[in-house]
Structure formats: C-alpha cells, structure tokens
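The values are calculated or read from the model by the stated rules, or taken from the named source; none is laboratory data. Quantities reported herein were computed from a predicted structural model and do not represent experimental measurements. A quick note on method: Cβ atoms are made from the backbone with ideal geometry, for glycine too, and the neighbour counts reach across all protein chains shown.
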Amino acid sequence: MLDQINDKDGTVGKALKLLDIVESFRKPVKFNDILERSPYPKPSTYRLLQTLANQNMLFFNADTGHYSLGSRLIRLAYSAWQTASLAPIASSYLEELSTKTGETIHLAQLDHGQVLYVDKKNSNRPIVMFSGAGKIGPAYCTGVGKAMLAHIDYEKCQKIIAQQSFYPHTKHTLVSAEALNKELKEIYEQGVAFDREEHEPNIICIAVPILTKSKEVVGGISITSSTARMSLEELANYKEILQQTAQQIGEDAAVWMLPKMGG
C-alpha cells in the first residue's frame, strides 16, 4: 500500500502513508523507527503523527513514547467491513460451505493489485496458515487471486500483473508474467483455480471467482486444505459446490451497492 499513495494527494495522502508505516510494524513503535521509514522530513513526520493522534487515528503512549493504531480506525474498519466488503453478504454461505466440506473457507477481493482477505471460516481441524480476515496476500500465487485475475478485463488484468513482485515464496510459485498469463487462460477455460503450494508449503486450495449476472468480478472464494490430509485431485471434487456457493453470493451481491474492486 505504501507505494499507492502519491505526494499529489497532499497532506491527507502523507498522513495515510504514515498510518501505513505504523501499521507495517504490527506492534507499538517509537518515533525514530517511524522516521527511518518516513519519506518526509523530521518536522513534517512529527507534525503529521501529532495530528493523527489528536484525531484518534493513532494512539500515543506518553509513558513509553510508542505510537499504535488508534480506536477511531476500529470503528471505520468495522463500518467498511459492513458496507464495502462481501463479508456480511457471504457469511452464512461460508459457514455452510465450511460445515459441508470440513475445510477452511476464504473470501477475498482485489485491492490495488493484491488480494484482501475479507473473511475466513476455519474448519473443525484448523490449519496454521498466513491468511486471515484483513490480511493482504499476493494475487499471482494464491488461488483466489488467480481466480479473480482470470475473469477480469484483459487490460486491467495486465496492469495488475505488472504490479506483481513474482517473489518465489516456494519452489512451486509462478515467477513470471508469461507463466501466470498462461495459467490464467487455463483457469478461465476450466472455471477454477488451484494453489499448488505456491504461497505456502503444504497449503493447497481450489478457488473460483464471484461474479454478478453481468460477469463482473466482485470477489473470490476458496476451499483450503493441506497436503497432509488432502490432494489436489480430492480438492477438485469440490468444484461444483464451490461454484454454486459463488453463484449464490454473486446474486446476493448484485442488489448491494458495493464499491468496485481496486485495480
């Protein structure tokens, strides 16, 4: 997210960039640590942090000198979750799918070329993995990311692909735009995408896009398991029930005025 905000956005853009910097530490952090990552001079960084603290966007602990995300963000995040994500629409469908399959279900949307997980329903045998509601993942090596990319407008898709890092998370990760484009064509033809241990070792999934009746991509959904208890061939047996669930969510989403997914 840090490179998505330009100085042309003015003071608001700079303040948001500092919020992203504080969030990136995932723990309370001192001013000097923020300053090391801040692209702004020390006085500007300090002034912006003070403003954010005064607005409860950040919390400043005067006793320890640490900054952390503020309580106002919790309210805003919850409101965004309710009004700008698929999560409230899809929740009951995810619960039902998790119960029927006994596996972990992920719901995601595209956000600035990345995968934003907006909900997750754990199986009765939870697996330790990276994903979770509110987390950001790469689009090029996750099942939901590839499922969504395969079904969006070609030009938009290529712009998103150009933003990917193609970092080799595992030995199975696709590491070029050419390889990804080839697989996206196959995904479009087959209607499903797979994560073949591409993002995390031993983690596999089957995923499909969530489409409206006009074929607009509004999200993606996946069934995730581990190689310790399931094969890709066994996951493929969930194709029909996964597509049915995605269709139901898409139909319900059509009546909501959801914001368009970020490219």
key: Test: Y93 is under 15 Å from I221 (Cβ atoms) and out of contact with any Gly (no Cβ under 9 Å at 6 or more places or on another chain)   = yes
Residues in segment 194-236 that are surrounded by 24 or more Cβ atoms within 10 Å (Cβ to Cβ) and either among the basic types (K, R) or not assigned by TED's automatic domain parsing to the domain that holds C157 (or both) total 0
- Task: With respect to T142, determine if the residue is β-branched (V, I, T), over 22 Å from K239 (Cβ atoms) and in contact (Cβ under 8 Å) with a residue 24 or more places away in the chain.
- Result: no
Within segment 162-182, the residues that are assigned to a helix (DSSP H, G or I) and surrounded by 19 or more Cβ atoms within 10 Å (Cβ to Cβ) are L180
(1) over 18 Å from the mean Cα position of the chain (by Cα); (2) at pLDDT below 95; (3) not charged (D, E, K, R) all hold for A236 apart from (2)
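Does segment 112-132 contain any residue that is in a loop (DSSP other than H, G, I, E, B), at pLDDT 95 or above and of a type outside the set (K, R)? Write out each step before concluding.
Start the filter on segment 112-132 by keeping residues that are in a loop (DSSP other than H, G, I, E, B), which leaves 112-113, 122-132.
Okay, now just the ones that are also at pLDDT 95 or above, so none.
The answer is no, given that none of the residues of segment 112-132 is in a loop (DSSP other than H, G, I, E, B), at pLDDT 95 or above and of a type outside the set (K, R).
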* Asked: Can you find a residue in segment 202-225 that is over 19 Å from K121 (Cα atoms), among the hydrophobic types (A, V, I, L, M, F, W, C) and in contact with a Cys (Cβ under 8 Å, 6 or more places away or on another chain)?
  -> no
Among I127, I89, I136, the single one that is among the β-branched types (V, I, T) and farther than 28 Å from F166 by Cα is I89
Per the filter on segment 135-157, residues assigned to a helix (DSSP H, G or I) and buried (at least 19 other Cβ atoms within 10 Å of the Cβ) are G143, V144, G145, K146, A147, M148, L149, C157
